[in-house]
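Since the structure comes first, as structure tokens, the remarks are kept for the end.
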Amino acid sequence: MKRKHWEPGGGNKELRGRDEWVRISWDEALDYIADGLKDAKENYGNNSILAPTFFAAASNFFHNLLSAYGGYTFLEDTGSFGSFWFAHLYGLPPKGYEGANDRMDLRKAETVVLYGGNPAWASTGNRTYNMMQVKKAGANFIYVGPEYNVSANLFDAKWIRVRPGTDTAFLLAVVYTMLKEDDPVSNPIIDWDFLNSYTVGFDAEHMPADAKLDENFKDYILGKYDGQPKTPEWASEICGTPVEDIVWYAREMRKDKKVSILHSYAPSRCNNAESFPQLLMAIAAMGGHFGKPGHSCGGMHDQQAGNCGPPLVYAGTNYDMPELPNPVDDIIYAPEVWDAILEGKYNRTATLTRDLNNEGMRDIDIRVIYHVCRDALAAVVGTNKGIEAHRKVDLVVAHTLSLNSVAQYADIVLPIATQWEIQYDQGYLRQTSREFQMFPSQITEPLYEVQTDQWIGEELAKRLGMDPKIPFPVSLEQRYYDFFAGAQVINEAGTDYENLVTVTEDDIVWWNQNVGKAEGKPQQGRIGLKQLKEVGFYQVPRSEDDNYGHISYEEFVKDPGGNPLSSKSGKFEIYCQSYADVINGMGRSKIKPYPAYARVLNGYEESFSDFDKRIKGDYPYQIFNVHYLRRADTAYDNIPWLKEAWTSPVFINTQDAIEKGVKDGDTVLVWNQYGKILRRASLTNRLMPGCINLPNGAWPEIEEDTGIDKAGGANTLCAPVATGIGVSGYNTNLVDFEKYKGDPLTPDHLWPLRVINYL
Amino acid sequence: MALGFYLDMTMCIGCRACQVACKDKNNLRVGILFRNVHNYETGAYPNSKLYHYSSACYHCTDAKCVKGCPTGAMHYAKDGTVQHDDELCIGCQYCVWNCPYEAPQYIDELNIVKKCDSCKDIRDAGENPACVDACPMRCLEFGDLDELRKKHGADLVTSIPILPTSSSLKPSILIKPRSYALELDFVEKEV
């Protein structure tokens, strides 16, 4: 469909988001889009086309089509992982993903730290069930974070409360305490052998060869460089953690305890959090909690939460089409993208996914915004600025399953077939867990006039004068076949992979007659092709004594020289020159090569106009965003049953609310200089005073006259600013709130559905 | 012996998969819930705790909804569960008023009441109710309460303070409570 007042060149751009819609044919829509792309390329260059999504493989439609057409401007987003990007430079796995042990080994731990994270809400499926088996095996759980969440509550975890974005201060004081209390004879806390053999940069005697700065981590902790020892008393003023809890946590990290530290990415989705991942690593190394049964430190994120290790079964991967190189090297970080459109310039820094070149300020003239796969207006920080940027360009296209935010503000909206309407694995269903793989099937004929991203891409390629085989050399039907036939499963010895699927000549004939047109060859595997298609999944059974266990860093710990880590020295770099050089070269904010405290942009201290005198500022409350079970980030926030089940309130500390006269269920206005939202209040004693928790992912419903977002979109309040790596700092924002004086909100599930009434 | 639900509150994460699976099985519009999850907070900051309680029809063995039904629409099935015959229902809502658990739900567009039938059709086919199989934490079960009591130990209760006093109805339920779900300072919360 097309926005009524859009015409080539943009038409009345101001009406984006509030215009009426006109139903048009696929041919018309594709012609408009092809003409818009041609116009942008010929008049303004390929870099005037922006595709503000990320992870090319999640939807290689736009990437291959636009790359074949001469390229496009790419949106770089730290997204889920925050400041863990570049973690490989100091020795962790890329983005700090993986790195802990598998679920069977986890049961050997005595202490499990959930550093941030809420698998019950953020890693659905059986992750929480599996982690409960760790609890039942006898481990004590610790939860670190500003809110005692559902998972912490389930595990009866000890709550170590830390304000959003202040984890660096908290952990520095943990290091200080470990150093102060350690006595190799009478009170062995620190594993000095581990530090000396497997890390560099901890103290002056173990500096890496490439260090440019004559400073080390230990002396920084003791206050040698800034006169401030990083004591629990110092940290407590910032992070809000009671001094006795900091000391208790430090003692719990001791070397003679089996400790597994599982981190989420909530503490890294903060401004100025560049030291956090390196510091978490340093503390795990101080306790020697790497590479041994029951000891680990690594990620707890979606499918690998509580169950790290290489996959035991995985779908065929050669169904992914080869990624074409993008000839345009304009890459803009998400928090800076709306400003880039509005102001016509941006800082081209080292990137997450392409090159490490810092090129400085560049001019940019975005004319087309092409949305595929991701609802960037709801998902990128600074929704109101994003809307302003959308109202500037000539053409906005959105491929979408439903009328989400980017569709609302687009000119041409293309309805896309869901997973259930086609024989194809779309992105995320391929990621299930290391021991379980889904093989989804079409369950209904496509509804109405939906098409696939790839069909649209092929049609556009023709209109742009390209052979569709260049961007899309493999058909969807072939990719679906390869997804099955290429699946691999671990052998019983746990040493190598073998084919999962047995395919006969008859199977290939059957597939072509009943499923789709595909070429294949007979092969021997464990399960017949027809049977797998029928069952829809394959699971590798597990037991505690099987051959599939996984202990991260085991090889490195056995032989650090023979199995070096990804860092320059091959060891855990507590001082990492290459990391500091990359971040400091970007020019947003400076870091030390070792973990060090930095004042956080829009962090706790900035909630005061005068921190030393503790005088609160205009926006005295810290707000953070959690994953919410009503939706998956911004996907599917339009399901009435789920809206009824999950009301999406804003969570406020009970005492803070009472001081403002706010009761449970009251509609509250939460605002800052970037936006205003309404939500119903849920008062809780499980949240630190001064903190507000607004679940992420709601589709903004912004009233044009008041500017109020009635749906409570998290990014309506998130500042479109960036520090360090260019992190989308979802969890470091400041707001004020009050009881709303207007009409109270109706519960979300009673709102009209977001559907179009055509003219 | 009586058939009923068992809920392990020590495993429940309040995800509402049971609630939504029930809506799917029974194709219920927004506003009608045969199974519902409520959340309660106890204690003061920073030692506050949360618990979740998933409830549906209790299939009481002395059910007021059956006693009060003027047409016999609400009745006992042979297996002892409380069932509802839509054909006999006149929409008088006596059962709605009689049930302290809010299990019978009046559907105004049909002018009849409906409620959880413990997925009798699925059970008759040898499987579990939809809510039981949807639970990712495996904290719901349905079956013979004597057997469930044997299986899950002695520290089970048939009521907790958030529930109405209703022992006279003999609800067919077994609950493994969180310790703090027995405290009296609970406050219901939106989560």
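Throughout, read-outs are computed from the coordinates displayed, never taken from laboratory work. Computed from a prediction, not measured in an experiment: that's the story for all the values here. As a convention, Cβ positions derive from the backbone with ideal geometry for all residues, glycine included, and neighbour counts pool all protein chains shown.
Here are some notes:
- Whole-angstrom gap from the range A:154-229 to the range A:259-288, using each part's C-alpha centre: 12 Å
- With q set to 0.12, 0.13 Å⁻¹, the log10 of I(q)/I(0) for the range B:1-159, from the Debye formula over equal scatterers at the Cα positions, is -0.55, -0.64.
- Computed over the range A:287-440: relative contact order in percent, which uses C-alpha pairs under 8 Å that are six or more apart: 22 percent
- Prolate/oblate/rounded call for the range A:214-281, Cα gyration tensor, a/c under 1.5 rounded: rounded
- Relative contact order (%) - criterion: Cα under 8 Å, at least six apart; region: chain B: 34 percent
- Its relative contact order, with pairs defined as Cα atoms under 8 Å and 6+ residues apart, puts the range A:1-119 at 14 percent.
- Loop-resident trypsin sites (Lys or Arg not before Pro) (DSSP state other than H, G, I, E or B) in the range B:1-109 with no more than 11 further Cβ atoms inside 10 Å of their Cβ: B:Arg29, B:Lys78.
- The distance from the alpha carbon centre of the range A:343-403 to that of the range B:40-79 is 52 Å, rounded to a whole number.
- Proxy reagent accessibility, fewest Cβ within 10 Å first, across B:His75, A:His263, A:His390: B:His75, A:His390, A:His263
- When each of A:Lys212/A:Lys345; A:Lys258/A:Lys592; A:Lys257/B:Lys189; A:Lys616/A:Lys660; A:Lys13/A:Lys643; A:Lys663/B:Lys64 is checked by Cα-Cα distance, pairs over 26 Å: A:Lys212/A:Lys345; A:Lys258/A:Lys592; A:Lys257/B:Lys189; A:Lys13/A:Lys643; A:Lys663/B:Lys64
- Residue mean of other protein chain beta carbons inside 10 Å, A:636-646: 4
- Point-to-point label distance, B:Ala154-A:Lys660, nm (Cα→Cβ direction, 7 Å offset): 5.1 nm
- Quotient of C-alpha Rg and 2.2 N^0.38 Å, computed over the range A:649-759: 1.13
- Scattering curve values for the range A:64-200, log₁₀ I(q)/I(0), Debye with Cα scatterers, q = 0.12 Å⁻¹: -0.69
- Straight-distance crosslink candidates among lysines, where the alpha carbon sits under 17 Å from A:Lys255 and sequence neighbours closer than 8 are dropped: A:Lys108, A:Lys180, A:Lys292
- Exceeding the 19 Å Cα-Cα cut-off - candidates B:Lys23/B:Lys67; A:Lys136/A:Lys158; A:Lys4/A:Lys38: B:Lys23/B:Lys67; A:Lys4/A:Lys38
- Convex hull of alpha carbon positions in the protein assembly as shown: directionally averaged projected area 40.6 nm².
- Cross-link table A:Lys590/A:Lys676; B:Lys25/B:Lys115; A:Lys676/B:Lys49; B:Lys150/B:Lys176, entries beyond 24 Å C-alpha to C-alpha: A:Lys590/A:Lys676; A:Lys676/B:Lys49
- A:Gln673 paired with A:Glu554, simple spin-label distance in nm, labels 7 Å along Cα-to-beta-carbon: 5.3 nm
- Ranked by how many other beta carbons lie within 10 Å on average, peptides A:32-41, A:683-692 from highest: A:683-692, A:32-41
- Per-residue mean of C-beta atoms belonging to partner chains within 10 Å, peptide B:41-51: 6
- Check: the protein assembly as shown dipole with +1 on Lys, Arg Cβ and -1 on Asp, Glu Cβ, in debye: 1500 debye
- Treating r as the C-beta distance of B:Lys78 and B:Ile122 and R0 as 25 Å, the FRET efficiency rounds to 0.90.
- Nonlocal Lys pairs with alpha-carbon distance under 26 Å, the range A:457-533 (8 or more apart, or different chains): 7
- Whole-Å distance, taken between Cα centres, linking the range B:136-174 and the range A:647-720: 38 Å
- Compactness of the range A:30-132 as Cα Rg over 2.2 N^0.38 Å, two decimals: 1.64
- DSSP-defined beta bridges in the protein assembly as shown - what % are antiparallel, rounded to 5: 55 percent
- Computed E for A:Ser197/A:Ala493 - FRET, C-beta separation, R0 41 angstrom, nearest 0.05: 0.85
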